[in-house]
Amino acid sequence: MAAKFDLNDDSVVVIVGSGAGGGTLGTELALKGIKTVILEAGARHEIEDFINDEWDSFAQLAWADMRTTSGSWRVARDFANLPAWIVKAVGGSTTHWAGASLRFQEHEFRTRSVYGDIKGANLLDWPITLKELEPYYEKAEFRMGVTRTNGIAGLPGNNNYKVFEKGAKAIGYQDVSTGRMAINSDERDGRPGCQQSGFCFQGCKFGAKWSTLYAEIPKGEATGNLEVRPNAHVLRIEHDASGKVTGVVYADKEGNQHRQKARVVAVAGNSIESPRLLLNSASSIYPDGLANSSGQVGRNYMRHMTGSVYAVFDRPVRMWRGTTMAGIVRDEADHKPDRGFVGGYELETLSLGLPFMAAFLDPGAWGREFTSALDSYENMAGLWIVGEDMPQESNRVTLSSEKDQFGMRVANVHFDDHPNDIAMRAHAYRQGSAMYEAVGATRTFPTTPYPSTHNLGTNRMSETPRDGVVNKWGQSHDIPNLFVSDGSQFTTGGAENPTLTIVALAIRQAEYIAGQMGQKVI
Amino acid sequence: MKDNDVSLSRRSLLKGATAAAFMISAGAVINPLEAWGLEVKALKPETMQTLIQMARDIYPHDRIADRFYAVALKEYDTKSTSDAALKSLVEEGIAKLDQLAKEKHGTRYVDVGWESQRVAILREIEKEPLFQKVRSGLVVSLYNQKEVWPVFGYQGESAVYGGYLHRGFDDIDWL
Ligand SMILES: Cc1cc2nc3c(=O)[nH]c(=O)nc-3n(C[C@H](O)[C@H](O)[C@H](O)COP(=O)(O)OP(=O)(O)OC[C@H]3O[C@@H](n4cnc5c(N)ncnc54)[C@H](O)[C@@H]3O)c2cc1C
Ligand code: SF4
């Protein structure tokens, strides 16, 4: 049975956010016998509540609270108050996500050493190596049921994949497959196999896709050690005179404020809200915000070098049928600086329904050039580009002068592309278009990045406290009982979709927190 | 958007309908060929007629009937009954559009003959508030009508039908 803890119970671990990081950490701690409360700003929608409709689902799940933007990225112009497309609900963005689950490459943990000193980039080696993370990647893949690991079969390719695969092979790519997906290819872990419904981004109505909402949290709740409190929006973290954190203040649905005491606080609100919360928790001891003696909280915001290529053919493709992300090309993922940029990228199939295609194909565009593309919607295939972007100190989450419904300052997200990002994107647009042209595309569309789905790096891990916010365990350099448990810990972004790494880090962090609590160090 | 064309009152086909797509009659925009009429309460019927033409010129789809554009824009009239600022934004914006049309072609915007000529006028006002508002609203209110999806081949919800596992997720046959 799910637990219910008292607001004054100061023996609990409080986790802010129930997504990939927070949902996994909370479940893992509960399984280890540790009393845990997850405070989640959003509501709890179960599988049967999900809606097979893009805008209705967006209204149900997406984070729509105020945010502001600045910088030269096009998102700031087209979607000034929607820098990121992420979720506010139990399960976090693992309700929306597509399921691509890739390990980082060895060199991506030490980019400062391998790429060298790139002008304008704040590269830094991670304080951990691939070798240290490998056992946790194994655990993460097993619990998420990642295809092509643990003897799990790959998913079948849909129409969009077949076009993509043929084009990729036609231009000489070899590492092409339906990928490693946290989507059941067959019944597993009490969840059915994928029914190819094509609404992965709207919450999987079959539960075939892994999400903390139904694949993790219920297991934690079953131990009696985990309480998930929805509609609990954390406003600030509090500390005592010694500087240790003592609990959090949150607002409930009606806006009433409550103080939940805690022995340990772990922040997992995704990379925009996590630094915002630390900054909004500034006090007389910590005037620049919690965990911010380095001044790095909110800096080095990364969103992956992204973009899409859509292509129109003379015959139907019907890309919306089947898994949204149905396949991957990995040939460009390595670091091959002779291409004119450092780091690498992945090409992954992607499809949007007609309503989202209209909104995102070329935001703001109108007239026949635009509508003739939509007229060919049935004959379209599409892919998404995801590559390593350069961390820059000036790409940054700060507190805006605008306030939210609780009177707290909202996050402003500032972003400019680094020249390396631009060079990599141009390369990927060329390659993606070439793939489709090789199988007869009559028209291709190099499509601008969407509002960010991968948000990373704003509370980076570092060996020395001067360079970052948390240590190799995601523990604040400044405050030992304060942790960061989401993608904001990433020192650099890698070319891979981030969630598998977030989950692996959360499993590893749970072990560390349990050990430290056992030894009464925290 | 939950509205659909039932809220547009159906009218019997007017005898002697001309080639003109729209007629204005007794406070309504009437489309004799498609046999529907849209009664306007706050805006001038001519304004609504021009708005509909403007919407089609912004997102022209030859296979989408006018009534879908009308449905997408109906809220400008409904909201204008209680929102004076919106009403004047629309009336003044459309008046400006007509004025530009008169200067260039000596007619109202809707009577300018070629789409390319009307688009040239729209390019002159595309940074202005009315255009911005109409375009950004329309990109949702037009394409989010389930009734237009079949025109594009899009099939909408699928979980209720068991997904596409047995309904052609991999049926491409021309590769
Ligand atoms: C459309 C889409 C497709 C994606 N596809 C993939 C993919 O294929 N592969 C992949 O690896 N990744 C994918 N991602 C990214 C993936 O979803 C995220 O990387 C991952 O979920 C991030 O985990 P997180 O724990 O950092 O944050 P989230 O999962 O976003 O969870 C954060 C939670 O914290 C809550 N929260 C925030 N602030 C507060 C507060 N102050 N108080 C209480 N609660 C708060 C939020 O409401 C949210 O529920 C995708 C994302 C999207 C949106
Ligand atoms: S395609 Fe598969 S994983 Fe995606 S929503 Fe449908 S059943 Fe779930």
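The values are calculated or read from the model by the stated rules, or taken from the named source; none is laboratory data. Bear in mind the structure is a predicted one, so any value in this text is a computation, not a measurement. Cβ sites come from the backbone with ideal geometry, for glycine too, and all protein chains shown count toward neighbours. With ligands, DNA and RNA removed, areas are computed over all heavy atoms of the protein, side chains included. Shrake-Rupley method; radii C 1.70, N 1.55, O 1.52, S 1.80 Å.
So here's what we get for this one:
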| read-out | value |
| --- | --- |
| A:L277 accessible area, 1.4 Å probe, all protein chains in place, Å² to nearest 10 | 10 Å² |
| Nonlocal amide H pairs with A:V267, under 5 Å, H built at 1.01 Å | A:V16, A:F483, A:V484, A:S485 |
| Check: the range A:2-58 dipole with +1 on Lys, Arg Cβ and -1 on Asp, Glu Cβ, in debye | 440 debye |
| Global geometry of the range B:42-146, whether rounded, prolate or oblate, following the gyration tensor of its Cα atoms and the 1.5 cut on a/c | oblate |
| Cross-link partners of B:K104 among lysines (Cα-Cα below 16 Å; sequence separation of 8 or more within a chain) | B:K96 |
| Flagged links, alpha-carbon separation over 31 Å, of A:K336/A:K472; B:K79/B:K127; A:K403/B:K127; B:K79/B:K146; A:K32/A:K336; A:K244/A:K472 | A:K32/A:K336 |
| Spatial separation of Cα centroids for the range A:434-503 and the range B:71-89, in angstrom | 44 Å |
| Fraction of the pair-distance distribution of the range A:354-486 above 23 Å, Cα-Cα pairs, percent | 56 percent |
| Within straight-line cross-link reach of A:K131, aspartates and glutamates at Cα separation under 20 Å, skipping those fewer than 8 residues along the same chain | A:E106, A:E108, A:E141, A:D334, A:E463, A:E496, A:E511 |
| Antiparallel bridge percentage (DSSP; both residues within chain A; nearest 5) | 70 percent |
| Charge context of A:T444, other residues only, Cβ under 11 angstrom, K/R +1, D/E -1 | +1 |
| Peptide-level mean, for A:372-383, of C-beta atoms on other protein chains within 10 Å | 3 |
| Where A:R321, A:R368 fall by accessible area, highest first, once all protein chains stay in place (1.4 Å) | A:R368, A:R321 |
| Cross-link partners of A:K162 among lysines (Cα-Cα below 17 Å; sequence separation of 8 or more within a chain) | none |
| Cα centroid of the range A:1-68 to Cα centroid of the range A:332-393, whole Å | 31 Å |
| Candidate residues B:V119, A:V90: accessible-area rank, largest first, probe 1.4 Å | B:V119, A:V90 |
| Cα convex hull volume per residue for chain A (Å³) | 134 Å³ |
| Anisotropy class of the range A:1-141 from Cα gyration tensor, a/c 1.5 cut | oblate |
| When the convex hull of its Cα atoms is projected in every direction, mean area for chain B (nm²) | 13.5 nm² |
| Choice from B:G37, B:G162, B:G153 with maximal GNM fluctuation in chain B (Cα, 10 Å cutoff) | B:G162 |
| Threshold 50 Å², the range A:304-346 residues less accessible with all protein chains present than alone (1.4 Å probe) | A:R315, A:W320, A:R321 |
| Karplus-derived HN-Hα couplings along the range A:323-336 (A = 6.51, B = -1.76, C = 1.60, θ = phi - 60°), whole Hz, x at Gly and Pro | 3, 5, 10, 9, x, 9, 10, 10, 4, 9, 6, 6, 8, 10 |
